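The values are calculated or read from the model by the stated rules, or taken from the named source; none is laboratory data. Just so it is clear, the structure is predicted and the values come from calculations on it, not from any experiment. Cβ coordinates were reconstructed from backbone atoms using ideal geometry, including for glycine residues, and neighbour counts include every protein chain displayed. To get the accessible areas, we keep the full protein, side chains included, count just its heavy atoms, and leave off ligands, DNA and RNA. Shrake-Rupley method; radii C 1.70, N 1.55, O 1.52, S 1.80 Å.
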Amino acid sequence: VKIAKRTGKVEIYRNGVLKEAQRRFSIESRLRDALAHGGLTLAYQPLIHLQTGEITGFEALARWDDPELGHVSPVEFVPVAEESGLITPLGRWAAYEAAQALSRWDAKFGQALPVGVNVNLSPIQMARDDVASMFEEALRYSGIGGHRLTAELTESAIIADPDKARKLLFALKDLQMPIAMDDFGTGFSNLASLHSLPIDILKIDRSFVSNMLEDHDKAVIVRTILSLAESLNLRVTAEGIETQELADMLQKMGCWQGQGYYFARPMSEADAFDYWRVRWNFETI
Ligand code: C2E
Ligand code: MG
Ligand code: MG
Ligand code: MG
């Protein structure tokens with residue numbers, strides 16, 4: 001009986017591994033197809049100036065609805081893209097698409113919108129691709145000023161290859177692009193690098209923000225990041241603001257910018273433009 005039970009477990013384990021490998025394989029091949037045929041879109045989530053309530057910009061987030069697989073989250077397909085090399089075309093597509101969205105919004109509005117778009121960079125993409133040239137070309141192609149395209153990168157990208165990261169960040173500054181550290185607090189930051197690299201913004205990870213009202217330790221971490229940022233002259237964005245209480249609290253703590261479901265979920269390019277235009281009219285009347 002014991003042996004039968006064990007083999008049963010092994011069977012289940014094997015099936016699990018096999019299913020996972022099959023899923024990974026179909027995501028890779030469908031994603032390759034989606035990248036070749038325009039199957040991905042970007043969703044835009046508003047970034048809100050906490051002291052004034054103004055919309056300062058949007059974070060561009062990749063979205064994929066596949067005819068065979070249905071909706072697949074970037075939490076699942078970005079790692080597959082990183083393992084398979086597809087992160088290079090995916091990253092290039094996202095940068096071009098974000099710059100093009102800005103230029104389409106400008107055209108609709110008849111002048112440049114006073115908002116920017118944040119583009120996520122993967123550490124693997126940064127290691128493999130010439131990200132500075134990619135942004136330079138995307139900006140030139142779209143006729144967008146570099147100050148309107150923020151690069152979001154993670155601490156792991158800097159740890160992986162500090163020299164390469166340094167060169168890239170300074171090249172992005174030459175393009176006037178702001179630079180944000182995403183998921184800040186979750187990695188093992190070399191605090192010295194915050195000081196010596198041209199980083200403009202810290203994005204406090206959602207895992208610290210979401211429950212900081214209930215969890216005193218989280219609130220202490222957020223406070224510490226805010227004071228660190230102040231002494232280093234960095235701006236701070238809080239991710240994952242889901243309630244008004246959180247928005248109020250972070251505003252009182254002096255946090256610069258907020259992002260989260262309380263303000264708005266990620267939305268289509270057209271909806272994001274309307275979201276901005278309605279509030280812009282309201283604010284300027
Ligand atoms: P991220 O860059 O940290 O993006 C923020 C994530 O938090 C997004 O998830 C967003 O939808 C979600 N979020 C925003 N506000 C809230 C909130 O109030 N509550 C909760 N629970 N979640 C909130 P999403 O769109 O699923 O993206 C997940 C991750 O996938 C991103 O995390 C980013 O690391 C990666 N990703 C997405 N698009 C791209 C892309 O174009 N390129 C690369 N390299 N990575 C991407
Ligand atoms: Mg991000
Ligand atoms: Mg983030
Ligand atoms: Mg995050």
Simple spin-label model, 7 Å along Cα-to-Cβ: THR52 to HIS37 in nm? 4.5 nm
Calculate the FRET efficiency for GLN22 and TYR261 from the Cβ-Cβ distance with a Förster distance of 41 Å, rounded to the nearest 0.05. 0.80
Return the long-range amide H neighbours of THR154 (sequence gap of 5 or more, or a different chain), with a cut-off of under 5 Å between placed amide H atoms. ASP182
Hey, can you grab everything whose amide H is under 5 Å from the amide H of LEU50? Only 5+ residues off in sequence or another chain; H modelled, so Pro and N-termini drop out. GLN257, GLY258
Where N is the number of residues in the chain, Cα Rg divided by 2.2 N^0.38 Å: 1.09
tail above 16 Å in the computed P(r) of the range 31-156, as % of all Cα-Cα pairs, reads 63 percent
To the nearest 20 debye, what charge dipole does the range 148-198 have about its Cα centre, counting +1 at the Cβ of each Lys and Arg and -1 at the Cβ of each Asp and Glu? 220 debye
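About the Cα centre, and with charges only on the beta carbon of Lys, Arg (+1) and Asp, Glu (-1), how big is the dipole of the range 154-285? Nearest 20 debye, please.
That gives a dipole near 360 debye.
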Given H placed on each backbone N at 1.01 Å, which residues far from GLU59 in sequence or on other chains put an amide H within less than 5 Å of it? GLN45, LEU47, ASN118
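So what are the range 95-139's ellipsoid semi-axes, whole angstrom, largest first, if each one is the square root of 5 times an eigenvalue of the alpha-carbon gyration tensor?
Numbers: eigenvalues 126, 19, 10 Å².
Result for the range 95-139: semi-axes of 25, 10, 7 Å.
What is the antiparallel percent of DSSP beta bridges lying wholly in the chain, to the nearest 5? Before the final figure, lay out each step's value.
Details: 15 of 35 bridges.
So the antiparallel bridges amount to about 45 percent of the total.
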Where does helix 2-37 land angle-wise versus the long Cα axis of the chain, in degrees 0 to 90, nearest 10? 40 degrees
Measure of size requested: the Rg and Dmax of the range 206-260, with Cα atoms as the atom set and Å as the unit; please supply both. 10.2, 29
Alpha carbon Rg of the range 93-185, scaled by the compact-globule rule 2.2 N^0.38 Å: 1.08
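Return the carbon/sulfur percentage of the accessible area of the range 152-212, one whole number, probe 1.4 Å, all protein chains in place. Don't skip to the end; give the middle numbers.
Numbers: 1530 of 2720 Å².
Here it works out to 56 percent.
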Suppose each label sits 7 Å from its Cα in the direction of the beta carbon; what would the GLN111-GLU137 distance come out to in nanometres? 3.4 nm
Count of Lys pairs (Cα-Cα under 25 Å; at least 8 positions apart or interchain) in the chain: 9
